[in-house]
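The values are calculated or read from the model by the stated rules, or taken from the named source; none is laboratory data. Computed from a predicted model, the values in this text were never measured in an experiment. A quick note on method: Cβ atoms are made from the backbone with ideal geometry, for glycine too, and the neighbour counts reach across all protein chains shown. Accessible surface areas use protein heavy atoms only, side chains included; no ligands, DNA or RNA. Shrake-Rupley method; radii C 1.70, N 1.55, O 1.52, S 1.80 Å.
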Amino acid sequence: MSHCARSSLAGFGVLALVGLGPVLAARGQEPQAEPRELRVMTYNIKHGQTNLECEQPQPIPGELPFPDCGLDLQASIDVMRAHGADIIGVQEVDRFWARSAFVDEPAAIAAGLGMEHQCYAANLDHAPDSHSDVPHQYGTVIVSRFPILDCSNTLLPRTGNNEQRGLTLAVINVNGVPLQFYNTHLHHTAAPDRGLQTEEIGDIMDVAPAGSKVLMGDFNAIPTAPEMAPILARFLDTWAVAGIPTPDN
């Protein structure tokens, strides 16, 4: 699912967010610079797999998996290009997996969009195994029309052997204003994990440097879910700012 929003950036705070989607702007200080309009987008691409019906080839014992039969990364790139966003947070992004035809997806997305600036964060980082005969990664990427000054990733807490999730941060120079742009993908089934993860994100925001901040991603939860409280206590929800009814699923 993809969502876009427009926002105005000022020196210390993201103001007047109007748009669609789970894009959250930090509650902050009064602006200290002229606003900069910015169009942002979040998109979970499921490593480029489409929703088209198809029949996956049967695996051959002892050999690597075939690429997904519905794989079409270009279709995902076309969706992103159609929205004309300045900065995009993308989730479920592969590098060198057999299922996604061994493509370096962060590089392919950036090249396909003509965005030379990218910040990739691997939440899974594997040596060669049954999924690929080369080292391979899985995580999130931020691609930007504006220069990225710094790129980092924080692994978020989880329970048991649940899949590792993370919070990616790209510090981006938007026409002279440094923007802290966060992208995340919370656990899809485990609400307790999402609760731990949003609490950690809240703690990170409490010690983050002052300045403009945007948080987006695939939260796998509606805004009224209890686990979203730590985030909504610190960010403005663009759905609410735009007057769009809260989704119920």
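Using only Cα atoms, figure out Rg for segment 66-203 and give it as a multiple of 2.2 N^0.38 Å.
1.09
Among DSSP beta bridges lying fully in segment 122-249, give the percent that are antiparallel, nearest 5.
Percentage antiparallel, nearest 5: 75.
Rank these by accessible area, largest first, 1.4 Å probe: Tyr43, Tyr182.
Ranking Tyr43, Tyr182 by accessible area, largest first, yields Tyr43, Tyr182.
If Lys and Arg each add +1 and Asp and Glu each add -1, what is the summed charge of the other residues whose beta carbon sits under 11 Å from the beta carbon of Leu215?
+1
Largest first and in whole Å, what are the equivalent-ellipsoid semi-axes of segment 140-227 based on the Cα gyration tensor, each being the root of 5 times an eigenvalue?
Equivalent ellipsoid of segment 140-227: 25, 13, 12 Å, largest first.
At His131 and Ala242, where each label point lies 7 Å from the Cα along Cα→Cβ, what is the point-to-point distance in nanometres?
Going from the His131 label point to the Ala242 one covers 3.2 nm.
Label-point separation (nm) for Gln164 and Gln74, each offset 7 Å from Cα along Cα-to-Cβ?
Label-label distance for Gln164 and Gln74, simple model: 3.4 nm.
So, R0 is 30 Å and r is the distance between the beta-carbons of Ala107 and Ala229; what FRET efficiency does that work out to, to 0.05?
FRET efficiency, Ala107 to Ala229: 0.20.
Run the quick spin-label model on Arg39 and Glu53: label points 7 Å from Cα toward the beta carbon, then report their separation in nm to one decimal.
3.5 nm
What is the spread of the Cα atoms of segment 69-122 along each of their three principal axes, largest first, in whole Å?
Result, largest extent first: 30, 23, 16 Å.
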